[in-house]
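The values are calculated or read from the model by the stated rules, or taken from the named source; none is laboratory data. Since the model is a prediction, treat every value here as computed from it, not as a measurement. When we count neighbours, we look across all protein chains shown, and the Cβ atoms used for this are built from the backbone with ideal geometry, even at glycine.
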Amino acid sequence: MNTSIHNDLSKIVGPDRVTDKQELLEQFSSNQEDDRTHPSLIVWPSSAEDVSQIVELANTKFFSLIPISSGVPRMSGTSTPKVKGTVILDLGRMNRIIRVDSKNKVAMVEPGVTFSQFLPELRKAGLRPLMPLMPKASQSVLTSCLDREPTTIPRFHWDASDPLLCTETIFGTGEMLRTGSASGPGSLEEQWASGQAQKNPMGPSQFDPFRLVQGSQGTIGIVTWITVKCEVAPEVHRVYLAGSETLESLQKFNYALLKRRLADEHFVLNARCLSAMLGVDTSDSLPVWTLVVGLSGHGPLAQEEFDYRLGDTNDIASETGVFLETTIGSITGDAVHSLLNTPSTEPYWKLTPYGGCREVYFTSTLDMIPSLYDIFLEEAEAAGIGRSRIGAYVQPTVQGVNTNCYFDIFYNPKVEEDIINMEKLVAAGTEQLMDAGAFFSRPPVTIRESVYSRSSPEVLNAMNRVKRIFDPNNVLSPGNLCFEEVFK
Amino acid sequence: MINDKFYSRLQDVVGERNITRTPAILDTYAFQWGYEIESAQRGDEPSRFGQRPDAVVLPTTTEEVQTIVKICNEFKVTFKPFSTGMGPWAGVSEPGAIQIDLRRMNRIVEVDPNNLYVVVEPYVTNSELQAELFQYGLMHHAQGAGPQTSPLASHTSFVGPGFTSPYTGFSGRNLLGAEWVAPNGEILRLGSYEHTGKWFTGDGPGFSLRGVIRGWMGAYGGLGVFTKAAIKLYSYPAPKDWTWNISGTIPKYEWEVPKYWKLIVLNFQEWEQYESAFYEVSDHDVVMMATTSSSEGLAALFTDTKMEAIEVIFGGLLARTRRYFIVLIAAHTEREYNYRVKLIRTIMKKYEGEDLIEEGFISPRSAHYAETIRNMLGGHAFRFSNCFQSTHGGMDTVAMAVKLAQVNQPIKSKYIEKGVIGDDRGEGIWTTTYEGGHMAHLEVPTVYDGASKESCLGYAEYQDECNDVDLKQAYGMPFFIVGDKVHDYYASRTMDYPKYLRRIKAAFDPNGISDSSHYVSAKNKSNE
């Protein structure tokens, strides 16, 4: 079967774009002894047409596909095969920045475009990205958007789906649909001629397919380009810090500031996380929590805009007992500024302290985070992972309506006991967090069963109906989300 | 006629006081604004009345709604949910159908003032919700349909611009979660609620079922019943000691305008200057309102009677107005206010514009400030002829809106010359931006005479021509591209999207009993 599929794929993409080389396949496998986790082939399509034909072939030859766009390290388990004979659909070579439109503050990118590639092009156009905090250098812009990764500027985050706008998607049926206003009427060229820029993500018409593809972990469709919201680059932009021993003492300030849409970057880090980000070993000299607030101004009154934002922010700070500073100990706002709107250097910053990092991430509200953090620290201690090895990143999202939170477990992947303890903490910690009100809106594979056990049968039934519409043969990423394997 | 056994089963659910099949009452549900246009577009005699329902049932809980929907499935009876109702899509479309009137479900269930969301039932109106939220210094996105309409209906089920869209966005984008009685009677609570008991997000775990329920336009009640909606909130920019104070009587009432609010009408000579200024103002996210109309529209907004409007129009506004947009600056602090006013004036000067208020061509009173945030459509848009409707509606960029305004003008003028629609020289448009200028849409409000057959037929023909232009010249998907025939008309130039809608309809409404007249039927009825 393998040879036959290999030949068929070669006909579609060309022989040099399919491989069964073990050393390449192994990077996707989590367990060499379990052949279900070992892919059979990797294929590199170069166009949407290639992707469509490959999906159609998967439906006729009954093999599963896992789309990937980003490079290593792969930390979520989404790209690990769960069924035998899986083909990895590596979209990394579809890496064109198709269009940057500064007037309409939007860019159109293919899956393989990384933040490292994207940012210089945006800068040339006078734009800045809406992006996660220091993603890995090989992180695909498209994947970041599809995974609903939180971005650092809440005031520009209107909807949980931001900054994703329109998409071109090949569903599991092999059918292509452009979502949002990109669907038409008319071709993309006709739309550009009428002044459009694929800005409206909603629709077409009376459904929102982009919301079904986003967050689906590759189970509904394969996206071959997206448009992504950008913002005008500021002329004035500074970062302020505030230290605190507790998260609670920052709450009033955070809520008041978020309501006003005054700040750009706005998030809170614990000392472990901040020192790892900065690549320094100063966590002992840092406050337990550091609030990061970016302020900016742009346009004809850039400095005046900045001054008003700073003035009003300082008023809120003094009313709520928070002291914004440009320096905390040896850490400066400028140093933090230099890490914003840029990907991590190599190696990925989360791997530098101990070599390994497991992320536990969920959505909640700001007022819930202190108790959730305490619960996780207690679990960390019980699991044999010291409290000091837990990083925390608290990112308000959707203009302050909710908060995305990352608890990072820093561990040494060469120490077996460390791995066992880390896994113990993930298992027990996530259960405790869910019991206390954390919502795992983007469940990684390792905890998916636990998360979906808390969903109602009606919601699971609805998700399965959607799956059957768009991927009736379950060829796309079987084993992710609540969808079970079908190919044995 | 409705089956007695079916009626009796429904009566058992809600009690005899909350169900009726009295013709006089049923007829009130069949009288909706816009029927006269839909009937004309179908090729029928224009009629202000639509289909009379066979019964109306008034549940008061989600569980009652669920039971009603299950009984409808059992008896294969079509139903249509109804909250505040405004338009032909609110009524049933076929004989034998029932109306589920949700007016007894009228609670504001929860306000979370820190985490900026509110949970409402279907019959809470924008006006009621605003009154509640102002006490917290908050506001929601109130759709343009007006203060008497349901925010749940707009957020879950309908296209949703409003006067405050630059500041509060679009209804569908503000929906955080929903309680949904699907057409098969299952109750689904989207997002975080069923995992945490809180409504702070409607997305996940995994993909978002928001993708099924509404899209850009909403399903117009064609995919079950929404019994709760969690809606995102925004800061209301007024000093803490400000209260909603009014004196006098509608329409000549006075309202205490918050301290740092200011209306400016930026008038430019040419579209090019207008477009550049509109982009620049919108990008800075400094205004609560940014909207365009004609000189007639401007007069309608900032006067109180028809005669006053006419006097203002011919007293100089008509001669002076070129390409303008109105902005409402609504700031929290003096510092914010001063910066915003200076920025607007800087941009106005850069593109050689003038302020029509400062120049004395139009003078909004305090009540008009209130009516911008209340979306007082009834008192203004309906004033000239009692009937209006909008053509176009495509939503993407400011640039598309500007081009479409120019494309539309000669088309509209043609119908004005025929004498079938109101004369605004073809200039009457309405546009707004959203989310810091990231999106914009243009619609063309048009007044017609609902009592005149010629006028209704003429307007209907005009709307059909606009739809055709949008389709052929790629100006986005207009409002009201709903129902089998119209969807299929648009399908060939829009990647055949109706086939996916039909699959959704089949999967979630296996008996086809949630009225599909303004959505889609699982089987392609337009080909039958």
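If you go through region B:484-507 and keep only what is facing chain A (nearest Cβ under 7 Å), outside any loop (DSSP other than H, G, I, E, B) and over 23 Å from the mean Cα position of the chain (by Cα), you end up with B:Tyr500, B:Arg503, B:Ile504, B:Ala507.
Residues in region B:267-277 that are part of a helix (DSSP H, G or I) and either assigned by TED's automatic domain parsing to the domain that holds B:Lys403 or of a type outside the set (S, T, N, Q) (or both) were compared, and the one that is nearest to A:Gly297 (Cα to Cα) is B:Ala277.
Scanning region B:278-312 for residues that are within 14 Å of another protein chain (Cβ to nearest Cβ), buried (at least 24 other Cβ atoms within 10 Å of the Cβ) and in a helix (DSSP H, G or I) yields B:Phe278, B:Val281, B:Ser282. Take the conditions (1) crowded, with 17+ Cβ neighbours inside 10 Å; (2) of a type in the set (Val, Ile, Thr); (3) modelled with pLDDT of 95 or more; B:Thr346 misses just one of them, which is (1).
The one condition from (1) under 30 Å from B:Lys453 (Cα atoms); (2) free of Cβ contacts under 8 Å to residues at least 24 places away in the same chain; (3) of a type in the set (S, T, N, Q) that B:Ser8 does not meet is (1). Residues in region B:21-43 that are within 17 Å of B:Trp89 (Cβ to Cβ), part of a loop (DSSP other than H, G, I, E, B) and not hydrophobic (A, V, I, L, M, F, W, C): B:Gln32, B:Gly34, B:Arg42. Here B:Thr333 does not fit the description of being closer than 21 Å to B:Phe384 by Cα, surrounded by fewer than 20 Cβ atoms within 10 Å (Cβ to Cβ) and either within 14 Å of another protein chain (Cβ to nearest Cβ) or within 27 Å of the chain's Cα centre (by Cα) (or both).
When the residues of region A:154-183 are narrowed to those that are within 16 Å of B:Gly436 (Cα to Cα) and assigned to a strand (DSSP E or B), which ends up farthest from the other protein chains (Cβ to nearest Cβ)? Residue satisfying both the conditions and the ranking: A:Leu164. Scanning region A:389-406 for residues that are closer than 16 Å to A:Gly429 by Cβ and touching a Lys or Arg at 6+ places or on another chain (Cβ under 9 Å) turns up A:Arg389, A:Ile390, A:Gly391, A:Ala392. Of all residues in region A:184-193, one or more are in a helix (DSSP H, G or I), more than 23 Å from the chain's Cα centre (by Cα) and acidic (Asp, Glu).
Residue-level analysis places A:Gly333 outside the set of residues that are surrounded by 18 or more Cβ atoms within 10 Å (Cβ to Cβ) and within 14 Å of chain B (Cβ to nearest Cβ). Across region A:350-378, the number of residues qualifying as within 14 Å of chain B (Cβ to nearest Cβ), of a type in the set (A, V, I, L, M) and part of a strand (DSSP E or B) comes to 0.
Looking only at region A:101-125, filter to residues that are touching a helix residue (DSSP H, G or I) at 6+ places or on another chain (Cβ under 8 Å) and within 14 Å of chain B (Cβ to nearest Cβ); which one of those is farthest from A:Trp225 (Cα to Cα)? Applying the filter and picking the extreme gives A:Lys103. The condition of being among the charged types (D, E, K, R), free of Cβ contacts under 8 Å to residues at least 12 places away in the same chain, touching a helix residue (DSSP H, G or I) at 6+ places or on another chain (Cβ under 8 Å) and surrounded by fewer than 24 Cβ atoms within 10 Å (Cβ to Cβ) holds for only one of B:Asp423, B:Asp449, B:Asp468, B:Asp464, that being B:Asp423. Within region B:195-224, the residues that satisfy the criterion of being among the aliphatic types (A, V, I, L, M), more than 19 Å from A:Val398 (Cα to Cα) and either within 7 Å of chain A (Cβ to nearest Cβ) or surrounded by fewer than 24 Cβ atoms within 10 Å (Cβ to Cβ) (or both) are B:Val212, B:Met217, B:Ala219.
Restricting attention to region A:346-398, the residues that are of a type in the set (Gly, Ala, Ser) and buried (at least 18 other Cβ atoms within 10 Å of the Cβ) total 6.
The number of residues in region B:125-143 that are touching a residue at least 24 places away in the same chain (Cβ under 8 Å), surrounded by fewer than 24 Cβ atoms within 10 Å (Cβ to Cβ) and part of a loop (DSSP other than H, G, I, E, B) comes to 3.
The condition of being basic (Lys, Arg), farther than 24 Å from B:Gly34 by Cα and surrounded by fewer than 22 Cβ atoms within 10 Å (Cβ to Cβ) holds for B:Arg493. If I filter region B:409-423 for residues that are within 14 Å of chain A (Cβ to nearest Cβ) and either modelled with pLDDT under 95 or under 23 Å from B:Leu317 (Cβ atoms) (or both), do I get at least one hit? The answer is no; no qualifying residue exists.
Contact annotation: residue pairs with Cβ atoms under 9 Å, 6 or more positions apart or on different chains, pairing a residue in region A:455-471 that is in contact (Cβ under 8 Å) with a residue 60 or more places away in the chain with a partner that is in a helix (DSSP H, G or I) and among the hydroxyl-bearing types (Ser, Thr, Tyr), are A:Phe470/B:Tyr500.
Would you confirm whether any residue within region A:300-318 is β-branched (Val, Ile, Thr) and part of a loop (DSSP other than H, G, I, E, B)? Looking through region A:300-318, none of the residues is β-branched (Val, Ile, Thr) and part of a loop (DSSP other than H, G, I, E, B). Taking region B:471-482 as the range and being free of Cβ contacts under 8 Å to residues at least 40 places away in the same chain and either of a type outside the set (A, V, I, L, M) or more than 7 Å from chain A (Cβ to nearest Cβ) (or both) as the test, only B:Lys472 passes. The residue of region B:426-444 that is surrounded by the most Cβ atoms within 10 Å (Cβ to Cβ), among those that are within 14 Å of another protein chain (Cβ to nearest Cβ) and among the β-branched types (Val, Ile, Thr), is B:Thr433.
Within region B:153-197, the set of residues being among the aliphatic types (A, V, I, L, M), part of a loop (DSSP other than H, G, I, E, B) and over 15 Å from the mean Cα position of the chain (by Cα) comprises B:Ala182, B:Leu190. In the set A:Thr167, A:Thr179, A:Thr227, only one residue is out of contact with any Lys or Arg (no Cβ under 6 Å at 6 or more places or on another chain) and more than 30 Å from A:Trp349 (Cβ to Cβ); that residue is A:Thr179. Residues of region A:397-408 being within 18 Å of the chain's Cα centre (by Cα) and over 14 Å from A:Phe362 (Cβ atoms), which ones? Matches in region A:397-408: A:Val398, A:Gln399. The numbered conditions (1) touching a Ser or Thr at 6+ places or on another chain (Cβ under 6 Å); (2) part of a loop (DSSP other than H, G, I, E, B) are all true for A:Gln206 except (1).
Exactly one of these conditions fails for B:Gly512: (1) among the small types (Gly, Ala, Ser); (2) surrounded by fewer than 20 Cβ atoms within 10 Å (Cβ to Cβ); (3) touching a strand residue (DSSP E or B) at 6+ places or on another chain (Cβ under 7 Å). Give me its number. Condition (3) is where B:Gly512 drops out.
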